[in-house]
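Participant: After the structure tokens below, expect a handful of questions from me.
The values are calculated or read from the model by the stated rules, or taken from the named source; none is laboratory data. Source: prediction; values computed, not measured. Neighbour counts run over all protein chains shown; Cβ positions are idealised from the backbone, glycine included.
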Amino acid sequence: MKVGLVGFAGSGKTTLFNAMTGLDAPVGFGGELRMGTARVPDPRIDDLSRTFRPKKTTYATINFRDVPGEHGSGGQVLLPATLQRIRDQEALCLVLRDFVNPALDGDPDPLRDLEAFHTECVLADLEIAERRLDRARKERADSREIAAFETTTEALEEGRPLRLLSADELHRGFLQGYGLLTDLPLLVAVNRNESQAAEPLDASLAAEIEAEGGAALVLSAQVEAEIASLDPEDQADFLEEMELAEPTLARFVRTAYGLMDLISFFTTGGDEVRAWTVRRGTRARAAAGRIHSDLERGFIRAEVIPYPLFAEYGSEQAVKDAGHFRVEGKEYVVQDGDIMHVRFNV
């Protein structure tokens, strides 16, 4: 999963990027796109690794992109170069400043910044949609493509982000390749100072995030950076002191997975225990293709044990002895936490 961290100048997105990835990217304006990978925390794969004692344990990962901001008009307008970098992401994490930054004039106003970002994205998408619709009409393109861009244009003219439109309302197949910003999944990270990190989100801001089809996360990037720098045994004490249940990365992953409708399944063995990420609703044959294309091409069956049953019985053999071992065909819909062994023949 490729997540772009975006935001206006001084929002703290690079600090958050460092906290998530464990890197030490310099904080400041401008620069090149920074990339870093974070391991997806999952106690289930920890448990499987303890049980199987494999040579290698491979966690799912999130690829974070710290999208450098090129700002105009006092830092509240994203310039075209920044918008293009944002288009290249699979999902967006908009970091909103909710703390006093001595380097910036004025008090923080996350609601204002959210609305400004939304407006910028809507206008940028509308320009693309109108241009493509005009060309499609002149070229007498497929009527379904014209209808898709008519629907797109109408929604954007009303200020509605495309992510709110269902598959029945909008044929997204014709939008591929255009990188429309308002159709990307949106997670909003409200960045606060240490004393406010555990406080709930303001109701008006929460309502606006929901109205834009996004999900919200409250955090303190500075605190998270401090947590990330601690030894694992010291992190729990620090979190308890800050009245935080868990590090932001775990909350981020849970929120992002829910937003993008993602799940994890596992493969196990003496050589490797590994987590794989797929969209909810993925069928067994397509899930096998995530492991290797040969498994998808030569798929015969999937041997499946739900993780809760594995945890209850303690081993695959015990699950089999209890009669809960399942053999599924290619149309089986993979469930979150499934332990799968794919049988294939190429």
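Participant: Is there any pair linking a residue in the stretch 231-243 that is surrounded by fewer than 11 Cβ atoms within 10 Å (Cβ to Cβ) to one that is of a type in the set (A, V, I, L, M) and not in a helix (DSSP H, G or I), with Cβ under 9 Å and at least six apart or on different chains, and which?
Facilitator: ASP237/LEU230; GLU243/ALA197; GLU243/ALA198
Participant: If the requirement is being in the same structural domain as VAL190 (by TED's automatic domain parsing) and closer than 23 Å to ARG53 by Cβ, which of these qualifies: GLU272, GLU312, GLU233, GLU241? It would help to see each step written out before you state the result.
Facilitator: Numbers: GLU272 fails: in the same structural domain as VAL190 (by TED's automatic domain parsing); GLU312 fails: in the same structural domain as VAL190 (by TED's automatic domain parsing); GLU241 fails: closer than 23 Å to ARG53 by Cβ.
Being in the same structural domain as VAL190 (by TED's automatic domain parsing) and closer than 23 Å to ARG53 by Cβ holds for just one of GLU272, GLU312, GLU233, GLU241, which is GLU233.
Participant: When you go through ALA225, ALA198, ALA203 one by one, which is the residue that is more than 28 Å from ARG279 (Cβ to Cβ), of a type outside the set (Phe, Trp, Tyr) and touching a helix residue (DSSP H, G or I) at 6+ places or on another chain (Cβ under 6 Å)? Let's see the steps before the verdict.
Facilitator: Working: ALA198 fails: touching a helix residue (DSSP H, G or I) at 6+ places or on another chain (Cβ under 6 Å); ALA203 fails: touching a helix residue (DSSP H, G or I) at 6+ places or on another chain (Cβ under 6 Å).
Exactly one of ALA225, ALA198, ALA203 is more than 28 Å from ARG279 (Cβ to Cβ), of a type outside the set (Phe, Trp, Tyr) and touching a helix residue (DSSP H, G or I) at 6+ places or on another chain (Cβ under 6 Å), namely ALA225.
Participant: Moving on to the next point. If I ask for residues that are over 33 Å from the mean Cα position of the chain (by Cα) and among the small types (Gly, Ala, Ser), which ones from the stretch 307-330 would you list?
Facilitator: If the condition is that a residue be over 33 Å from the mean Cα position of the chain (by Cα) and among the small types (Gly, Ala, Ser), then ALA318, ALA322, GLY323 are the ones that fit.
Participant: List every residue pair whose Cβ atoms lie under 7 Å apart, where the two residues are 6 or more positions apart in sequence or sit on different chains, the first residue falls within the stretch 190-202 and is outside any helix (DSSP H, G or I), and the second residue, located anywhere, is buried (at least 21 other Cβ atoms within 10 Å of the Cβ) and among the acidic types (Asp, Glu).
Facilitator: VAL190/ASP98; ASN191/ASP98; ARG192/ASP98
Participant: Restricting to helices (runs of 4 or more DSSP H) lying wholly in the stretch 206-268: which have 2 or more residues that are closer than 29 Å to ARG283 by Cβ? Break it down into steps so the answer makes sense when it comes.
Facilitator: Details: elements: 221-228, 232-241, 248-260.
In the stretch 206-268, 248-260 are the helices (runs of 4 or more DSSP H) which contain 2 or more residues that are closer than 29 Å to ARG283 by Cβ.
Okay, residues lined up against (1) in the same structural domain as SER11 (by TED's automatic domain parsing); (2) farther than 19 Å from CYS93 by Cα; (3) touching a Leu at 6+ places or on another chain (Cβ under 6 Å):
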{"site": "GLY177", "(1), (2), (3)": "yes, yes, no"}
{"site": "THR182", "(1), (2), (3)": "yes, no, yes"}
{"site": "GLU194", "(1), (2), (3)": "yes, yes, no"}
{"site": "ILE209", "(1), (2), (3)": "yes, no, no"}
{"site": "GLU226", "(1), (2), (3)": "yes, yes, no"}
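Participant: Here is a further query. Within the stretch 274-291, is there a residue that is farther than 26 Å from PRO185 by Cβ and either in contact with a strand residue (DSSP E or B) (Cβ under 9 Å, 6 or more places away or on another chain) or surrounded by fewer than 16 Cβ atoms within 10 Å (Cβ to Cβ) (or both)?
Facilitator: No, every residue in the stretch 274-291 fails to be farther than 26 Å from PRO185 by Cβ and either in contact with a strand residue (DSSP E or B) (Cβ under 9 Å, 6 or more places away or on another chain) or surrounded by fewer than 16 Cβ atoms within 10 Å (Cβ to Cβ) (or both).
Yes/no matrix, rows are residues, columns are (1) part of a loop (DSSP other than H, G, I, E, B); (2) aliphatic (A, V, I, L, M):
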position: LEU83; (1), (2): no, yes
position: VAL100; (1), (2): yes, yes
position: ASP125; (1), (2): no, no
position: ILE146; (1), (2): no, yes
position: LEU156; (1), (2): no, yes
position: ALA167; (1), (2): yes, yes
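Participant: Does GLU145 satisfy the condition of being of a type in the set (Asp, Glu) and either under 19 Å from the mean Cα position of the chain (by Cα) or surrounded by fewer than 16 Cβ atoms within 10 Å (Cβ to Cβ) (or both)? Write out each step before concluding.
Facilitator: Working: of a type in the set (Asp, Glu): yes; either under 19 Å from the mean Cα position of the chain (by Cα) or surrounded by fewer than 16 Cβ atoms within 10 Å (Cβ to Cβ) (or both): no.
Taking the combined requirement at face value, the residue does not satisfy it.
Participant: Taking the stretch 332-346, which residues are within 19 Å of ASP294 (Cα to Cα) and either surrounded by fewer than 20 Cβ atoms within 10 Å (Cβ to Cβ) or among the hydroxyl-bearing types (Ser, Thr, Tyr) (or both)?
Facilitator: Residues satisfying the conditions are TYR332, HIS341, ARG343, PHE344, ASN345, VAL346.
Participant: Oh, and also: Return the pairs, sorted by first residue and then second, in which the second residue is buried (at least 17 other Cβ atoms within 10 Å of the Cβ), the first residue lies in the stretch 99-127 and is of a type in the set (S, T, N, Q), the beta carbons are less than 6 Å apart, and the residues are 6+ apart or on different chains.
Facilitator: From the stretch 99-127, the pairs are ASN101/GLY10.
Participant: Would you confirm whether or not the stretch 187-207 contains a residue that is within 17 Å of LEU162 (Cβ to Cβ), under 19 Å from the mean Cα position of the chain (by Cα) and surrounded by fewer than 20 Cβ atoms within 10 Å (Cβ to Cβ)?
Facilitator: no
Participant: Further question: Which is assigned to a strand (DSSP E or B) and out of contact with any Asp or Glu (no Cβ under 9 Å at 6 or more places or on another chain), of ARG274, ARG301, ARG343?
Facilitator: ARG274
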